[in-house]
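The values are calculated or read from the model by the stated rules, or taken from the named source; none is laboratory data. Keep in mind that this is a model prediction, so the values were computed, not measured. Please note: Cβ atoms are built from the backbone with ideal geometry, for glycine as well, and neighbour counts cover all protein chains shown. To get the accessible areas, we keep the full protein, side chains included, count just its heavy atoms, and leave off ligands, DNA and RNA. Shrake-Rupley method; radii C 1.70, N 1.55, O 1.52, S 1.80 Å.
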Amino acid sequence: NTSTIDATVYDQPTVTASVDGNEVCDGESFTFTGGGADIYTWDLGVTNGVAFTGSVGTETYTVTGTDANGCQNTATVDATVHDLPTVTASVDDDEVCDGEAFTFTGGGATSYTWDLGVTDGVPFEPPLGVTTYTVTGTNAEGCESTATLDITVNDLPTVVATASDIELCIGEELTLTGTGADSYMWDLGVTDGVAFTPGATATYTVTGTDVNGYENTDDLIVTVNPLPIIDAGPDQSVCDGTTVTLSGTGGVSYVWSNGIIDGQSF
């Protein structure tokens with residue numbers, strides 16, 4: 001006698017594996033998706049359709065797809081996580097005077113973008129005070145990282161040049177003094193606070209330096225007037241009892257000896 005039985009062989013599902021971005025930077029996530037089956041199981045900790053953050057390097061991810069008949073097949077996809085650049089920020093001098101320029105330089109990447117108007121490698125004049133500057137460095141894979149640095153811009157001392165007199169006669173002494181800083185250096189051979197006799201009208205410049213070594217200048221004009229050329233008039237011979245009038249010339253006012261008044265009867 002005979003008996004029969006039917007047996008069914010189902011095709012394996014044609015499983016596919018895909019990822020929304022097969023190259024990302026460290027810290028960014030992938031989303032892996034299986035196709036061609038009903039249920040998907042991934043290795044290496046991946047959950048189908050859920051964002052996943054991988055480790056640096058290239059990995060091959062495998063998905064096992066199961067169809068409604070319980071048949072399974074697999075597919076793989078490669079995904080790469082690029083390391084972030086180790087970015088550095090440097091400056092040629094982290095403390096300068098107002099009006100001086102810094103040059104900022106990024107390192108550890110391929111290209112650099114600074115905030116606050118700075119261009120990498122180009123001299124830049126920052127504002128007064130302490131400011132934090134940030135550089136974003138991008139490597140060849142397009143991954144970014146940042147670094148920061150603080151720089152200080154000190155205000156210049158407010159230097160003022162003063163004189164004991166800004167208009168004097170030739171032969172008179174003059175004392176020049178600087179204020180607003182800690183030490184002072186004058187041009188034209190002048191010593192701060194020490195009297196000297198100027199020979200002619202001149203502009204004197206003082207450079208004042210504060211405790212931080214920062215300098216500023218101020219100047220003043222000192223006018224030196226020549227002495228008047230005075231003439232007492234011609235010699236006179238008179239008889240006793242005769243009046244004489246003496247008048248000086250060459251000046252504005254005159255003082256005679258012996259009680260004589262310029263231009264009157266004596």
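A few points about this structure:
- Positions within segment 29-55 being under 48 Å from the mean Cα position of the chain (by Cα) and touching a residue at least 40 places away in the same chain (Cβ under 8 Å), in sequence order: F30, F32
- Residue list for segment 52-69, restricted to those being more than 14 Å from V15 (Cβ to Cβ) and either at pLDDT below 95 or surrounded by 12 or more Cβ atoms within 10 Å (Cβ to Cβ) (or both): F52, T53, G54, S55, V56, T58, E59
- Those residues of segment 204-234 which are under 27 Å from V252 (Cβ atoms) and open to solvent by 70 Å² or more (accessible area, probe 1.4 Å), in sequence order: I221, P226, L227, P228, I229, I230, D231, P234
- Residue match in segment 87-109 (condition: more than 23 Å from the chain's Cα centre (by Cα) and in contact (Cβ under 8 Å) with a residue 24 or more places away in the chain): no
- Residues in segment 102-127 that are at pLDDT below 95, surrounded by 13 or more Cβ atoms within 10 Å (Cβ to Cβ) and in contact with an Asp or Glu (Cβ under 8 Å, 6 or more places away or on another chain): F102 alone.
- Of all residues in segment 159-203 being more than 17 Å from I221 (Cβ to Cβ) and hydrophobic (A, V, I, L, M, F, W, C), the one that is least open to solvent (accessible area, probe 1.4 Å): A181
- The single condition among (1) over 30 Å from T152 (Cβ atoms); (2) touching a residue at least 24 places away in the same chain (Cβ under 8 Å); (3) open to solvent by less than 50 Å² (accessible area, probe 1.4 Å); (4) not aromatic (F, W, Y) that L246 does not satisfy is (2).
- Selection within segment 74-100 - among the hydrophobic types (A, V, I, L, M, F, W, C), open to solvent by less than 50 Å² (accessible area, probe 1.4 Å) and assigned to a loop (DSSP other than H, G, I, E, B): V87
- Considering only residues in segment 8-26 that are assigned to a loop (DSSP other than H, G, I, E, B), touching a Ser or Thr at 6+ places or on another chain (Cβ under 7 Å) and within 20 Å of F52 (Cα to Cα), the one that is most open to solvent (accessible area, probe 1.4 Å) turns out to be D20.
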